[in-house]
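J.: First the structure, then my questions, so here it is.
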Amino acid sequence: MLDKDIKQLLSNSKNVALIGISLDSKKPSNFVMKYLLDNGYNVYPINPIHEGKKVHNQIILKNLDQLNSEIDILNIFRPSAECGAIVKESLKKNPKNIWLQLGIQNQDAKDLSIQQNIPYIENKCILVEHRRLIDV
């Protein structure tokens, strides 16, 4: 995806489902969630291990089935091997975009996204890209 497309995506998105949130403030998912909230996004944290707990004043959901909002960006902080299944499961929620964080790549996730005409980004940090393209 070209820089102009990523900039447009970040500028036109509001709702981010963040898969793999950590309660540890030193973990990238936690830091990224706070950054996105501070920059006006609605962030829906998802992690079955922490279901019902709060992170940055948001209640952590068990899975995407509990989310009642549309998903502009499905942002994934999980091991690469899990991403194909996560993307497949997410299709019933019709995410507008799939974003695998820095260091995360999965061919099945990419193929599913392409088959469904869902814009797909992998191996990029949403925070880094936002700072680079939007928050200048």
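J.: Distance from the Cα centre of segment 1-57 to that of segment 116-136, in angstrom?
T.: 12
J.: Give the lysines reachable from K7 as a straight Cα distance under 21 Å; neighbours fewer than 8 places away on the same chain don't count.
T.: The reachable lysines, counting only those whose Cα sits under 21 Å from K7, are K34, K96, K110, K124.
J.: Convert each backbone phi in segment 111-128 into a coupling constant with the Karplus relation 6.51 cos²θ - 1.76 cosθ + 1.60 (shift: θ = phi - 60°), then list the ³J(HN,Hα) values in order as whole Hz, x for Gly and Pro.
T.: Per-residue couplings from phi come out as 4, 4, 4, 5, 4, 9, 6, 9, x, 10, 10, 9, 6, 9, 8, 4, 5, 4 Hz.
J.: Taking 7 Å along the Cα-to-C-beta vector as the label spot, tell me the D108-A85 distance in nanometres, rounded to one decimal.
T.: So the label points at D108 and A85 sit 0.8 nm apart.
J.: Rounded to the nearest 20 debye, what is the charge dipole size of the chain about its Cα centre when +1 sits on each Lys and Arg Cβ and -1 on each Asp and Glu Cβ?
T.: Dipole magnitude for the chain comes out near 260 debye.
J.: Starting from the Kirkwood Rh over alpha-carbon pairs, what translational D in µm² s⁻¹ does segment 3-131 have by Stokes-Einstein at 4 °C and 1.567 mPa s? Write down the numbers at each step before the final one.
T.: Details: Rh = 14.4 Å.
Here the translational diffusion coefficient equals 90 µm²/s.
J.: Using +1 on the beta carbon of Lys and Arg, -1 on that of Asp and Glu, and nothing else charged, what's the dipole of segment 30-80 about the Cα centre, debye to 20?
T.: 240
Values in this text are rule-based calculations from the coordinates and carry no lab data. Since this is a predicted model, take the numbers as computed values, not measurements. Every residue, glycine among them, receives a Cβ derived from its backbone with ideal geometry; neighbour counts consider all protein chains shown.
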